[in-house]
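**Q** This is the structure I have questions about; it appears just below.
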Ligand code: MN
Ligand code: MN
């Protein structure tokens, strides 16, 4: 396959570069699934989408969204064709690996106050120390109010951070394996060091000061951490990588990069033949369980609501619709990395600059746990991509038996629809700062739009 940059010589290069400006803004503003949801809804409203509650009935051309507990969103553009004949779905996850704080997090140790944490998702823990970090999330109080916390991303904000041992004293640490060199229980984040001098007998004077600050700024008490969801995430904005500005480095490409491109695809299409759907979902990084994960009934419930408001609901019609639907499970793939060529089998590897990545199957050790897309379906997907001049490539996640992974693909395939993994190649997956190619981001957006418009 040709390098996709070739299509965007001269004037056309601006299209590719401009698209990533919007993406960088979205990514910088979306450090948690809640923030990614909020940003998605704002963009959807600006594009004429309305909440399901605002519709009594639905007809062709209507644009509607459903929000699930502030942590995910399903968007639809109702098509011209009878919806029971199936819909075209793009699905991505908007949770990313991070370091969550515990319910009883605050403690003082020799004049320093720290937050105790429990990491979320599959991380190389040693990548998450000695960096400037931000604190994002919500604190829910007993009176029903919800306090938004966002510290560390505005350039005038302070940051927090998890320490690492100095090399000078790391003789024993350096002998440990990479998985143990930073122990999960040692990932405590430093947040303060000035004591309160109000009471000379105070045993935790720095903590007392921190609690005073929290009371003043957020009106929260120490007990309120019990009903909080606060995450430590890399601080700062997504930015261009490369002297030619051809790539984007940022926190949370996996999988907000497919979230944004899928979202933009559904926001930008005209009324399609088949109803178009975009699912942005939480909890993929920890197995997709729970009421905000893909395994939740939330998605099926939105379909039931749509059918009801289109005057077509019955259990049988719902089952028929699901069985006749098609999906691109939009999630990141592993990009070839010249520093680590040995993990790939080069004929079946994804490269920067070669466009949207299709993975027939994921899984590990003999494809275990994978959705394996049917050849008949892949042929249709190829036709749609070629008809729309979308650059695409196919890959596996590394060499056979090298490792593996999963996505939300199998969950929708279990509903008996056709699903294939289709995403964007990234380097540094699950590290604080991941990297992707701008032309791949643009081709993914174009491919997703083509799928919503032309898949039958
Ligand atoms: Mn992912
Ligand atoms: Mn992941």
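**Q** Applying a 10 Å radius around every beta-carbon, put 403-411, 6-14 in order of their mean neighbour count, most first.
**A** 403-411, 6-14
**Q** Rg and Dmax of region 98-234 over Cα atoms: what are they, in angstrom?
**A** 16.0, 51
**Q** Now for a different question. Measure nothing but the geometry: give the 0 to 90° angle between the long axis through the Cα atoms of 13-29 and the longest principal axis through the Cα atoms of the chain, rounded to 10°.
**A** Compared with the principal axis, the helix lies near 50 degrees.
**Q** Additional query: Would you please put 275-287, 66-78, 241-253 in order of how densely packed they are, using the mean number of other Cβ atoms within 10 angstrom per residue and starting with the highest?
**A** Ranked from most to least packed, the peptides come out as 275-287, 66-78, 241-253.
**Q** Within region 66-93, list the residues whose amide N lies under 12 Å from a label point set 7 Å along Cα→Cβ of residue 138.
**A** 68-72
**Q** May I ask you to derive the relative contact order of region 98-234, considering only C-alpha pairs under 8 Å and at least 6 residues apart, and to give it as an integer percent?
**A** Details: 240 pairs, mean separation 51.5, N = 137.
Relative CO of region 98-234 lands at 38 percent.
**Q** Which FRET efficiency value, to the nearest 0.05, do you get for residue 297 and residue 185 by plugging their Cβ-Cβ distance into 1/(1 + (r/R0)^6) with R0 = 30 Å?
**A** 0.25
**Q** A further question on this structure: Translational D (Stokes-Einstein, µm²/s) of region 194-253 at 10 °C and 1.306 mPa s when Rh comes from the Kirkwood sum over C-alpha pairs?
**A** 104
**Q** Return a whole-number percent for the relative contact order of region 211-266, with Cα pairs under 8 Å and 6 or more residues apart as the contact set.
**A** Worked out over region 211-266, it gives 17 percent.
**Q** Over the chain, what relative contact order in percent results from Cα pairs under 8 Å that are six or more residues apart?
**A** The normalised contact order for the chain reaches 23 percent.
**Q** Let me ask another. For the ranges 264-274, 338-348, what's the packing order if you count other beta-carbon atoms within 10 Å of each residue, average per peptide, and put the highest first?
**A** Per-residue Cβ counts within 10 Å, averaged per peptide and sorted highest first, yield 264-274, 338-348.
**Q** Along the Cα→Cβ direction, 7 angstrom out, place labels at residue 237 and residue 456. What is the inter-label distance in nm?
**A** In this crude spin-label approximation the distance works out to 4.6 nm.
**Q** Express in nm, to one decimal, how much length is gained between residue 154 and residue 169 on full extension, taking 0.36 nm for each residue of separation and deducting their alpha carbon distance. Walk me through the numbers on the way to the answer.
**A** On the way: separation 15, 0.36 × 15 = 5.40 nm, distance 3.42 nm.
Computed gain between residue 154 and residue 169 is 2.0 nm.
**Q** For region 140-158 and region 58-117, write down the distance between their C-alpha centroids in whole Å.
**A** The distance from the Cα centre of region 140-158 to that of region 58-117 comes to 18 Å.
**Q** Quick one: if the Förster radius is 51 Å, what FRET efficiency do residue 194 and residue 82 give, using the C-beta to C-beta distance and rounding to 0.05? Kindly include the intermediate steps, with their values, before the conclusion.
**A** Values: r = 66 Å, r/R0 = 1.30.
Efficiency at R0 = 51 Å is approximately 0.15.
**Q** Taking the Cα atoms only, what angle lies between the long axis of helix 253-268 and the longest principal axis of the chain, rounded to 10 degrees?
**A** Once rounded, one gets 40 degrees.
**Q** With n ≥ 4 as the cut-off for DSSP H runs, can you work out [θ] at 222 nm for the chain, using -39500 (n - 2.57) per run divided by the number of residues, rounded to the nearest 500?
**A** Working: 9 runs with 117 residues, N = 456.
So the helix-based figure for the chain works out to -8000 deg cm²/dmol.
The numbers here are math on the coordinates, done by the rules we state, and not lab data. Note that the coordinates shown come from a computational prediction; the quantities given were computed from them, not determined experimentally. Cβ: placed from backbone, ideal geometry, glycine included. Neighbour counts: every protein chain shown.
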